[in-house]
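Everything on this sheet refers to the single structure shown next.
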Amino acid sequence: MPPEPFFIRHDLHVVAIAAIILALGGWLRHASGDTGRAVSKDRLSLVVPADWMAEPSGGDRTVLRGEDAVTRVELRVADKPSELVTVDSILALERGQRYGGLYQRLDSGKVAAGGPGGRVWQRTVFTYAFKPTPTHAPRLATAVEYAFAGEDHLYVATVHAPDEERARELERALLGTLVLR
């Protein structure tokens with residue numbers, strides 16, 4: 001009996017068929033253009049990747065998680081702060097309470113967002129330490145936050161990432177789609 005050909009003996013035909021199926025699936029996903037989905041909280045909306053998962057709704061905050069324990073976007077709508085307190089200072093106080101002593105603001109300023117006819121948002125970049133679970137070692141994360149005080153509500157969109165470079169990528173990709181209707 002003659003020996004089996006190399007291709008059959010090592011099941012390379014199965015590997016070739018699997019590679020073709022994966023390539024076809026990737027091409028179909030790319031061709032369909034279904035790379036994102038719109039997410040809204042009250043009048044605030046943006047587009048996130050289609051494979052991001054929403055956490056159970058927690059009151060005034062909508063959270064969608066990305067590919068790891070850190071990467072996520074939060075949409076929040078709250079009552080507008082008093083005219084005696086600036087949006088920047090009230091959010092800095094809230095972040096300090098939420099993230100503790102290892103919270104550090106890196107940059108803050110005004111930026112136009114929301115496409116044509118967009119609004120001027122308060123943009124803040126900050127880092128903080130966190131533990132994904134009680135048994136994990138602490139990690140640093142970077143976040144970029146956009147906030148706008150409307151007539152009666154404060155609208156906040158925040159992207160969280162494992163490092164500053166990834167946070168800026170998410171800012172361009174996600175917060176670039178930010179719209180306040």
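Here, each number is a calculation from the coordinates, and none is a lab measurement. Just so we're clear, the structure is a prediction, and the values are computed from it rather than from any experiment. In this analysis, Cβ positions are derived from the backbone assuming ideal geometry, glycine residues included, and neighbour counts consider all displayed protein chains.
A few comments on the model shown:
- Taking a sphere under 12 Å around the Cβ of Pro81 and counting the other residues whose Cβ falls inside, with K and R at +1 and D and E at -1, yields a net charge of -4.
- Within the listed set Ala23, Ala161, Ala112, the residue fluctuating most in the Gaussian network model of the chain (springs between alpha-carbon atoms under 10 angstrom) is Ala23.
- Helix-derived mean residue ellipticity, 222 nm - over the chain, DSSP H n ≥ 4, -39500 (n - 2.57), to 500: -8000 deg cm²/dmol
- Helix 12-32 axis versus longest C-alpha principal axis of the chain: approximately 30°, rounded to the nearest ten.
- Relative contact order for the range 129-181, counting Cα pairs under 8 Å that sit 6 or more residues apart, in percent: 27
- Highest-first packing order for the peptide set 60-71, 77-88 is 60-71, 77-88, based on the mean count of other beta carbon atoms within 10 Å.
- Farthest toward positive dipole pole in the range 1-86 [+1 Lys/Arg, -1 Asp/Glu at C-beta], among Leu46, Ser57, Pro3: Leu46
- Applying both filters, DSSP loop and at most 12 other Cβ atoms within 10 Å, to the GluC sites (Glu not before Pro) of the range 104-181 gives Glu151.
- Principal-axis tilt of helix 87-99 within the chain, Cα atoms, nearest 10 degrees: 60
- Potential extension, Met1-Ala19 segment - 0.36 nm per residue separation minus Cα distance: 3.4 nm
- For peptides 98-105, 9-16, sequence by mean Cβ density within 10 Å, most packed first: 98-105, 9-16
- Solvent-free Debye calculation, one equal scatterer per alpha-carbon of the range 23-181: log10 I(q)/I(0) at 0.16 Å⁻¹ equals -0.94.
- Considering only alpha-carbon pairs that sit under 8 angstrom and 6 or more positions apart, the relative contact order computed for the chain is 20 percent.
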